[in-house]
Amino acid sequence: MLRIEELEVSYGAISAVKGLSLELNQGEIVALIGNNGAGKTSTLKAISGMLKPSGGRVEFMGEKISGLPPHKIAARGIALAPEGRGIFAGLSVLENLEMGAFLRKNKESIQKDLHKVYQLFPVLEERKNQKGGTLSGGEQQMLAIGRALMSDPKALLLDEPSLGLAPQVVESIFETIKEINQTGIPILLIEQNVYLALEVANRGYVIETGEIILNDLAQNLLHNEMVQKAYLGIE
Ligand code: ATP
């Protein structure tokens, strides 16, 4: 449903993504893995319209979306939970969640989705009146994902959901990522924690200096010698 062909992203003279092709199909969790600076975030920003690609094409549900502004891409049904969370520190948890639904009009279905988000992340309901900025790192990550879900997305892009979080919190967030996927939302997952990402994903792409160097079923990548050496610390 999401098809990226020969994507290129540049920052002035710096070329961050160099002809990247990738697909996310209905029902899947796909991991895009690679080291710091490999071009993962630039790829997500290009998909969501925050950066204009300098080349290539992004299609969603059979229609070209590359070149559209972020709000139009969001309106097509692609939601992004960004790295660094991007939540509004001065707004309450509930207000942050409501911001995620700003493009929607049907109050009843917004309430339904709010209820679903609270079921996935009960701590967000407990803290609904608390300011976003007072949440722990893990809770802020949950809020960022919850806010993305409030747009009732057809696909979800997650940028580094494990970043800076304690292992137990990460485990619980990844369990929830699986649950979200099981509700029928395909997920493109950007992760530096390669083991975790491949454990939860169906397929994976390995990106190095802006190019895909490997692409396979996640289970195969977990057993791939190069992946084990370069990303899993297995000799
Ligand atoms: P991280 O995990 O650190 O976010 P990443 O794989 O997501 O890494 P990107 O953030 O996409 O990588 O960066 C890819 C390349 O583009 C890097 O070399 C980075 O230095 C460069 N880059 C990213 N943002 C900018 C910017 N605003 N201006 C100039 N260069 C940038």
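The values are calculated or read from the model by the stated rules, or taken from the named source; none is laboratory data. Since the model is a prediction, treat every value here as computed from it, not as a measurement. Positions of Cβ are generated from backbone atoms using ideal geometry, with glycine treated the same way; all protein chains shown enter the neighbour counts. Each accessible area value is taken on the protein alone, full model and side chains, heavy atoms only, with ligands, DNA and RNA left out. Shrake-Rupley method; radii C 1.70, N 1.55, O 1.52, S 1.80 Å.
Points worth noting:
- Candidates Thr134, Leu68, His115 compared by Cα position along the dipole of the range 66-158: farthest toward the positive end lies Leu68, with charges placed on Cβ.
- Accessible heavy-atom area order of Met142, Met99, highest first, probe of 1.4 Å: Met99, Met142
- Once the C-beta distance of Lys107 and Gln182 is scaled by a Förster radius of 30 Å, the resulting FRET efficiency is 0.70 to the nearest 0.05.
- Solvent exposure of the range 113-167 as accessible area per residue, Å², 1.4 Å probe: 41
- Other residues within the sphere of radius under 12 Å centred on the Cβ of Ile177, judged by their own Cβ, net out at -4 (K and R +1, D and E -1).
- Length gained when the stretch Glu6-Asn25 is fully extended (0.36 nm per residue, less Cα-Cα span): 5.1 nm
- Largest-first principal axis extents, alpha carbons of the chain, Å: 47, 40, 32
- Building the convex hull from the alpha-carbon atoms of the range 87-193 and averaging its projection over directions returns 6.3 nm².
- Size of charge dipole - the range 42-93 - debye, nearest 20, with Cβ of Lys, Arg +1 and Asp, Glu -1, no other charges: 100
- When peptides 172-184, 47-59 are ranked by their average number of other Cβ atoms within 10 Å per residue, the highest-first order is 47-59, 172-184.
- Mean Cβ count within 10 Å, highest first, over the residues of peptides 107-119, 77-89, 187-199: 187-199, 77-89, 107-119
- Long-range amide H partners of Leu7 with built H, under 5 Å: Gly19, Leu20, Ser21, Arg57
- For the pair the range 144-173 / the range 198-235, the C-alpha centres are spaced 21 Å from each other.
- Helical mean residue ellipticity (222 nm; -39500 (n - 2.57) per DSSP H run of 4+; nearest 500) of the chain: -11000 deg cm²/dmol
- Across Lys105/Lys154; Lys45/Lys178; Lys64/Lys116; Lys52/Lys128, pairs whose alpha-carbon gap is larger than 26 Å: Lys64/Lys116; Lys52/Lys128
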